[in-house]
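*Asks:* Dropping a structure here in structure tokens format, bear with me for questions.
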Amino acid sequence: MRAGKGKFWKALGLLCIFLFLGSCENEVSQQAKRPSPIRSIQTLQFEVDAGLEQKFLEQARLFAKDVERISRGHLIVSVVEKKEDTLPESEYDFAYLQNQQLAQFSPSLKTLSLPFVYNDMKHLSLALNSPDIRQLLQKQLNSHVFPLAALSRGDGLFLSMDAPQGDSINSSRLMPPYFQNFTIAVYGKNPEMISVFQGLGMYTVPSPDEDFLSVLNQYIVSENVTYFINGVEVTKEQILKKTEFPDSVYAIETWHNLSPVWFVAQSKTWENLSGWEQAVIQEATAYMIARFEESSNRYQTVWEGEAEKRKIHLVQLERQALAATIYDSSSGSSHFLLPEYFDKKLFDLIQNYS
């Protein structure tokens, strides 16, 4: 995709978010000034799965405070931490649903959790919170739930001691040829993820339970075959827990485990809210999105600083070229068989915001 077109879509997406926030504030403030009958206090329940990171619970509580403030006490959101996963059709008013839960209503939404779909957290938020993708999702969900926001979860890194060179790098970004015959130790057991890696020409072996650094540039035996380990799949959290690294370690920021967590309302809850109440919820949601993005930016800044302290070289990916290799069937360069649920239209819309 040409850089100019990418910048246009980024600018358009940002404009839409600002207009969305501005319109919410305007609608709420205008309606608040109008004479209106006394509104009764309404309490709504927000379920948060205990399995999600603490930041999701914190943001739910801040959302509840925003709703009460904006509505001047007419809407109260009660945040409930659930010990088990929230089911898509449970009795709640608001909830966080992981993408695989939302995909129970429309299998094509599994496309949103495939690896190498997003550049980073900013790209995910900009694309999935855009009006065109939101409208497309609302049609696909067929009135089961009403998606209010997409929030990011996960990251993904390949740790390696092999410096990129030759045709595997372009403007300091890794190109698909780098991963040809690249053997990586993976800690997950996601067969689809492994198939994508293999579609890039990589070899995959299970990562041993021992220290992930100890297998780099070492030979290990898997299923009676000996492999030389070029890289290890890790998370930023795993790296931040260690303080000492050998010289010449490269962290390739792949973001292959990045996936949305959806903030949704039950459709019946949303339909029963008045226009004024919906505007209150939308304004509070816009603040939630902004806080998540600010938090993500801070975390990335901290991560980059900590990586520098550990003398880890950060390497970026030519992600769009990688995605085209995997998901563009016309390229003829991938050995990855696209799943039946793969939604090319949805995938292409997301790429417009990269």
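The values are calculated or read from the model by the stated rules, or taken from the named source; none is laboratory data. Keep in mind that this is a model prediction, so the values were computed, not measured. Cβ sites come from the backbone with ideal geometry, for glycine too, and all protein chains shown count toward neighbours.
*Asks:* If we keep just the residues of region 305-354 that are in contact with a helix residue (DSSP H, G or I) (Cβ under 7 Å, 6 or more places away or on another chain) and among the acidic types (Asp, Glu), which is surrounded by the most Cβ atoms within 10 Å (Cβ to Cβ)?
*Replies:* Here the residue is ASP343.
*Asks:* In region 50-76, how many residues are part of a helix (DSSP H, G or I), touching a residue at least 24 places away in the same chain (Cβ under 8 Å) and under 15 Å from SER152 (Cα atoms)?
*Replies:* Residues flagged as part of a helix (DSSP H, G or I), touching a residue at least 24 places away in the same chain (Cβ under 8 Å) and under 15 Å from SER152 (Cα atoms) within region 50-76 amount to 5.
*Asks:* Still on this structure: Which residue pairs have Cβ atoms closer than 8 Å, lie 6 or more positions apart in sequence or on different chains, and pair a first residue in region 228-254 that is closer than 19 Å to THR301 by Cβ and free of Cβ contacts under 8 Å to residues at least 12 places away in the same chain with a second residue that is of a type in the set (Lys, Arg) and part of a loop (DSSP other than H, G, I, E, B)?
*Replies:* Sorted first by the residue in region 228-254, then by its partner, the list stays empty.
*Asks:* Does GLU192 satisfy the criteria of being within 30 Å of ASP328 (Cβ to Cβ) and assigned by TED's automatic domain parsing to the domain that holds THR325?
*Replies:* Yes, satisfied.
*Asks:* For the condition among the aliphatic types (A, V, I, L, M) and out of contact with any helix residue (DSSP H, G or I) (no Cβ under 7 Å at 6 or more places or on another chain), what is the one hit in LEU151, LEU124, LEU200, LEU174?
*Replies:* Selected residue: LEU124, the only one of LEU151, LEU124, LEU200, LEU174 that is among the aliphatic types (A, V, I, L, M) and out of contact with any helix residue (DSSP H, G or I) (no Cβ under 7 Å at 6 or more places or on another chain).
*Asks:* Please verify whether SER329 is hydroxyl-bearing (Ser, Thr, Tyr), assigned by TED's automatic domain parsing to the domain that holds ALA95 and either without any contact (Cβ under 8 Å) to a residue 40 or more places away in the chain or closer than 20 Å to LEU240 by Cβ (or both), treating the condition exactly as stated.
*Replies:* No: the conditions fail for SER329.
*Asks:* Select from region 309-335 the residues that are out of contact with any Leu (no Cβ under 8 Å at 6 or more places or on another chain) and not aliphatic (A, V, I, L, M) and list them in ascending order.
*Replies:* LYS309, ARG310, LYS311, HIS313, ARG319, GLN320, ASP328, SER330, SER331, GLY332, SER333, HIS335
*Asks:* Name every residue in region 240-260 that is closer than 15 Å to MET161 by Cα and either hydrophobic (A, V, I, L, M, F, W, C) or touching an Asp or Glu at 6+ places or on another chain (Cβ under 6 Å) (or both), in order of residue number.
*Replies:* PHE245, VAL249, ALA251, ILE252
*Asks:* Select, from LYS344, LYS311, the only residue that is of a type in the set (D, E, K, R) and more than 26 Å from PRO177 (Cβ to Cβ).
*Replies:* The match here is LYS311.
*Asks:* Does GLN320 satisfy the condition of being assigned to a helix (DSSP H, G or I) and not assigned by TED's automatic domain parsing to the domain that holds TYR118?
*Replies:* Taking the combined requirement at face value, the residue satisfies it.
*Asks:* Specify the residue that is nearest to LEU44 (Cα to Cα); the eligible residues are those in region 300-317 that are in contact (Cβ under 8 Å) with a residue 12 or more places away in the chain and part of a helix (DSSP H, G or I).
*Replies:* Per the stated criteria, the residue is GLN300.
*Asks:* Looking at region 146-166, I want the residues that are outside the structural domain of TYR187 (by TED's automatic domain parsing) and touching a residue at least 40 places away in the same chain (Cβ under 8 Å) and have a partner that is among the small types (Gly, Ala, Ser) and assigned to a loop (DSSP other than H, G, I, E, B) with Cβ atoms under 7 Å, at least 6 apart or on another chain. Which pairs are those?
*Replies:* none
*Asks:* Is there a residue being farther than 18 Å from SER152 by Cα and either in contact with a His (Cβ under 7 Å, 6 or more places away or on another chain) or not small (Gly, Ala, Ser) (or both) anywhere in region 257-266?
*Replies:* Taking every residue of region 257-266 in turn, at least one turns out to be farther than 18 Å from SER152 by Cα and either in contact with a His (Cβ under 7 Å, 6 or more places away or on another chain) or not small (Gly, Ala, Ser) (or both).
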